[in-house]
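For reference, the structure is listed below as structure tokens.
The values are calculated or read from the model by the stated rules, or taken from the named source; none is laboratory data. Remember, it's a predicted structure, so these values are computed and weren't measured experimentally. Cβ atoms come from the backbone with ideal geometry, glycine included; neighbour counts cover every protein chain shown. Areas reflect the complete protein model, heavy atoms only, side chains present, ligands, DNA and RNA absent. Shrake-Rupley method; radii C 1.70, N 1.55, O 1.52, S 1.80 Å.
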Amino acid sequence: MVNGEKLNLDGNAVADSIKLQLEERIKQLKERGITPCLATILVGDDPSSATYVRMKGNACKRLGITSMRVELPASTSTETLIAAIRGLNEDRSVHGILLQHPVPHHIDERAAFEAIAIEKDVDGVTALGYAQNAFGFADYPSCTPAAIMAILAYYKLPVRGKHAVVIGRSPILGKPVSAMLLNADATVTTCHSRTSNLAAMVRLADIVVAAVGKPKFVQGDWIKPGAVVIDAGYNPGNVGDADYEACLAKASAITPVPAGVGPVTIAMLLKHTVHAAEKFGG
């Protein structure tokens with residue numbers, strides 16, 4: 001809240017700030033003969049996944065990052081997918097690898113993630129990347145958690161000493177963002193489907209991270225007056241995991257859906273790819 005006014009945490013502004021900082025870094029890389037390259041693997045023809053891949057590719061091209069799109073049929077086996085990933089690991093022109101998830105159910109997604117070389121794991125999906133993030137020294141933390149931390153930093157919202165409640169415990173969102181908040185000196189409570197009296201727990205939070213994958217799940221009367229609400233969900237119809245209008249009435253600051261966490265997530269993916277190119281580009 002600034003001068004008594006609620007903050008709409010505009011993700012586009014944060015993303016633009018990140019991308020502006022990347023322009024000079026990309027220019028310097030190209031002067032060395034290195035063009036950052038992100039390879040995105042899409043298995044199957046899920047329309048939402050295809051849209052996400054297209055958005056990421058367009059974002060790359062606007063910044064001058066090469067976007068390599070690898071498309072595999074839905075019938076692809078785990079072994080074939082892993083072989084494709086290993087080929088990208090060995091390709092020195094590729095600096096980052098993103099496996100668009102979810103993959104078809106017959107594929108061992110975890111095995112596929114683990115096949116990504118740590119130096120190219122720009123989406124922070126490997127077990128090693130997760131561990132490095134928990135210890136606080138990951139080069140490429142999971143992009144949505146990194147985006148959440150970037151939003152808090154951009155708007156100078158205090159984290160140290162605050163009580164953060166994260167709703168959701170997925171290995172690429174809830175768990176890593178809990179670790180990042182803890183590393184930033186917040187007191188963190190991670191809630192999930194087995195949490196008793198969830199609403200009462202959320203009412204204790206100075207910072208609420210909604211990452212549960214259910215539309216309008218977080219209710220306005222769960223929010224402590226003045227709390228910060230970060231909605232990391234996206235559901236059909238451009239609806240987040242929090243009831244925006246109801247939560248806005250109580251919160252001091254809140255991310256909208258869309259144009260909140262989403263664009264910053266893509267910006268963090270680009271940032272990690274550039275970092276990988278700087279570190280391993282030759």
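Limited to segment 254-282, what total is found for residues that are surrounded by 22 or more Cβ atoms within 10 Å (Cβ to Cβ), touching a residue at least 60 places away in the same chain (Cβ under 8 Å) and not in a helix (DSSP H, G or I)?
3
Show me the helices (runs of 4 or more DSSP H) found entirely inside segment 105-222 where at least 3 residues are under 30 Å from His275 (Cα atoms), more than 16 Å from the chain's Cα centre (by Cα) and modelled with pLDDT of 95 or more. Before the answer, list the steps.
Details: elements: 109-114, 127-135, 143-154, 174-183, 198-202.
In segment 105-222, the matching helices (runs of 4 or more DSSP H) lie at 109-114, 127-135.
Within segment 1-33, how many residues are hydrophobic (A, V, I, L, M, F, W, C), assigned to a helix (DSSP H, G or I) and within 22 Å of Tyr244 (Cβ to Cβ)? Walk me through it before giving the result.
Going residue by residue through segment 1-33, those that are hydrophobic (A, V, I, L, M, F, W, C) are 1-2, 7, 9, 13-15, 18, 20, 22, 26, 29.
So of that shortlist, the ones also assigned to a helix (DSSP H, G or I) come out as 13-15, 18, 20, 22, 26, 29.
Among the residues that remain, those that are also within 22 Å of Tyr244 (Cβ to Cβ) are: 13-15.
Qualifying residue count, segment 1-33: 3.
If I filter segment 152-182 down to residues being touching a residue at least 12 places away in the same chain (Cβ under 8 Å) and among the small types (Gly, Ala, Ser), which single residue comes out as most open to solvent (accessible area, probe 1.4 Å)?
My answer is Gly161.
Looking only at segment 129-143, how many residues end up being open to solvent by 30 Å² or more (accessible area, probe 1.4 Å) and not acidic (Asp, Glu)?
Number of matching residues: 7.
Kindly indicate the residue of segment 208-233 that is touching a helix residue (DSSP H, G or I) at 6+ places or on another chain (Cβ under 7 Å) and surrounded by fewer than 19 Cβ atoms within 10 Å (Cβ to Cβ) and also nearest to Ala249 (Cα to Cα) among those meeting that condition.
Gly220
Scan segment 77-131 residue by residue and report those that are of a type in the set (A, V, I, L, M), free of Cβ contacts under 8 Å to residues at least 12 places away in the same chain and within 15 Å of Ala39 (Cβ to Cβ).
Ala83
Looking at Glu71, Glu90, which one is open to solvent by 40 Å² or more (accessible area, probe 1.4 Å), closer than 21 Å to His275 by Cα, out of contact with any Cys (no Cβ under 9 Å at 6 or more places or on another chain) and acidic (Asp, Glu)?
On the way: Glu71 fails: closer than 21 Å to His275 by Cα.
Checking each option against the conditions leaves just Glu90.
Going through Ala205, Ala146 one at a time, which residue ends up being crowded, with 17+ Cβ neighbours inside 10 Å and either in contact with a helix residue (DSSP H, G or I) (Cβ under 8 Å, 6 or more places away or on another chain) or of a type in the set (S, T, N, Q) (or both)? Spell out the reasoning first.
Working: Ala205 fails: either in contact with a helix residue (DSSP H, G or I) (Cβ under 8 Å, 6 or more places away or on another chain) or of a type in the set (S, T, N, Q) (or both).
Going through Ala205, Ala146 in turn, just one is crowded, with 17+ Cβ neighbours inside 10 Å and either in contact with a helix residue (DSSP H, G or I) (Cβ under 8 Å, 6 or more places away or on another chain) or of a type in the set (S, T, N, Q) (or both): Ala146.
Which members of segment 34-57 meet the condition of being open to solvent by 70 Å² or more (accessible area, probe 1.4 Å) and either assigned to a helix (DSSP H, G or I) or in contact (Cβ under 8 Å) with a residue 60 or more places away in the chain (or both)?
Within segment 34-57, Pro47, Tyr52, Arg54, Met55 qualify.
Tell me yes or no: at least one residue of segment 20-30 is among the hydrophobic types (A, V, I, L, M, F, W, C), touching a strand residue (DSSP E or B) at 6+ places or on another chain (Cβ under 6 Å) and open to solvent by less than 10 Å² (accessible area, probe 1.4 Å).
No; the residues of segment 20-30 include none that is among the hydrophobic types (A, V, I, L, M, F, W, C), touching a strand residue (DSSP E or B) at 6+ places or on another chain (Cβ under 6 Å) and open to solvent by less than 10 Å² (accessible area, probe 1.4 Å).
Is it true that Asp243 is on the phi > 0 side of the Ramachandran plot, open to solvent by 10 Å² or more (accessible area, probe 1.4 Å) and touching a Lys or Arg at 6+ places or on another chain (Cβ under 9 Å)?
Criteria not met by Asp243.
Do the conditions hold for Ala249, that is, is it under 26 Å from Met55 (Cα atoms), open to solvent by 10 Å² or more (accessible area, probe 1.4 Å), small (Gly, Ala, Ser) and at pLDDT 95 or above?
no
Is there any pair linking a residue in segment 223-247 that is under 15 Å from Ile167 (Cα atoms) and among the hydroxyl-bearing types (Ser, Thr, Tyr) to one that is at pLDDT 95 or above and not in a helix (DSSP H, G or I), with Cβ under 7 Å and at least six apart or on different chains, and which?
Tyr234/Gly240; Tyr234/Val257
So Val53 passes all but one of these: (1) at pLDDT 95 or above; (2) of a type in the set (A, V, I, L, M); (3) closer than 19 Å to Cys143 by Cβ. Which condition number does it fail?
With respect to (1) at pLDDT 95 or above; (2) of a type in the set (A, V, I, L, M); (3) closer than 19 Å to Cys143 by Cβ, Val53 is out only on (1).
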